[in-house]
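The values are calculated or read from the model by the stated rules, or taken from the named source; none is laboratory data. It should be emphasised that the depicted structure is a prediction, and the values quoted were computed from it without experimental measurement. Here the Cβ positions follow ideal geometry from the backbone for every residue, glycine too, while neighbour counts run over all protein chains shown.
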Amino acid sequence: MKVQDVVDAARYSELASVATKDNTDAILSFLNLGMLELYKRFPLNTQEHIVELVEGTTLYDLPENFMYALSAYGEPLEASMGEVVDVPINDEDEPYSIFFPNHKQVQIPLVANGAYISIIYIAKPASYTAADLQEELDLPETLIDCLLHYVGYKAHLGIRGDGQSENNAHFARFERSCQKARELGVAHPIDSWRMIDRLNDRGFA
């Protein structure tokens, strides 16, 4: 589904009664916030970042599209039959844990084994502008209704009186739609939980 299609759908449904329906830039702003919220809730784009460790360095920059880490792995031990090693995240009780002191860097205090750490993370969604209206929206169509409810929620957020109750209703619909998507299992990429296999396939092990 193209970005324009979602903007039009919002205009004729959730935004039909508000002035924002005629403001494409405002709708795109709400849409971008909705995409970010959905990417926070569902593993829609899992990626791998390999950190090449340097002696004397503990802080390493993360990719610009990094949102949050799912897991981390180290190089396999010689006696492990090629299996990658789980690396703890943000665990002060684990000597080989890695930490995320901010959203742009990872701290790797000690190296358990090898010279690399693989970080599996959720990537941020694209941010759309008026120049992108004919681009394909990077979202499963099974989550479009969630996105529309979120756009409606944002559009009604600043309206007083009856608009406030409408705003609350849109957010409640958004939450219900997200919960339904989880229950049906329609928003998870098939390979999102097979990252260990992908590490092996790409030669990390």
Here are 18, 7: which of them is of a type in the set (Val, Ile, Thr) and either over 22 Å from residue 142 (Cβ atoms) or in the same structural domain as residue 103 (by TED's automatic domain parsing) (or both)?
18
Restricting attention to region 23-47, report how many residues are within 22 Å of residue 66 (Cβ to Cβ), in contact with a helix residue (DSSP H, G or I) (Cβ under 8 Å, 6 or more places away or on another chain) and either hydrophobic (A, V, I, L, M, F, W, C) or in a helix (DSSP H, G or I) (or both).
9
Can you find a residue that is of a type in the set (Gly, Ala, Ser) and closer than 19 Å to residue 5 by Cβ anywhere in region 27-45?
yes
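Could you list, in sequence order, all residues of region 127-144 that are surrounded by 16 or more Cβ atoms within 10 Å (Cβ to Cβ) and either more than 12 Å from residue 7 (Cα to Cα) or touching a strand residue (DSSP E or B) at 6+ places or on another chain (Cβ under 8 Å) (or both)?
Step one: filter region 127-144 for residues surrounded by 16 or more Cβ atoms within 10 Å (Cβ to Cβ), giving 128, 133, 137, 139-140, 143-144.
If the condition is that a residue be surrounded by 16 or more Cβ atoms within 10 Å (Cβ to Cβ) and either more than 12 Å from residue 7 (Cα to Cα) or touching a strand residue (DSSP E or B) at 6+ places or on another chain (Cβ under 8 Å) (or both), then 133, 137, 139, 140, 143 are the ones that fit.
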Looking only at region 99-116, decide whether some residue is of a type in the set (Phe, Trp, Tyr), under 24 Å from residue 181 (Cβ atoms) and touching a residue at least 12 places away in the same chain (Cβ under 8 Å).
no
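Does residue 40 meet the test of being surrounded by 13 or more Cβ atoms within 10 Å (Cβ to Cβ), closer than 26 Å to residue 185 by Cα and at pLDDT below 95? Give the derivation first.
Details: surrounded by 13 or more Cβ atoms within 10 Å (Cβ to Cβ): yes; closer than 26 Å to residue 185 by Cα: yes; at pLDDT below 95: yes.
Spelling it out, residue 40 is indeed surrounded by 13 or more Cβ atoms within 10 Å (Cβ to Cβ), closer than 26 Å to residue 185 by Cα and at pLDDT below 95.
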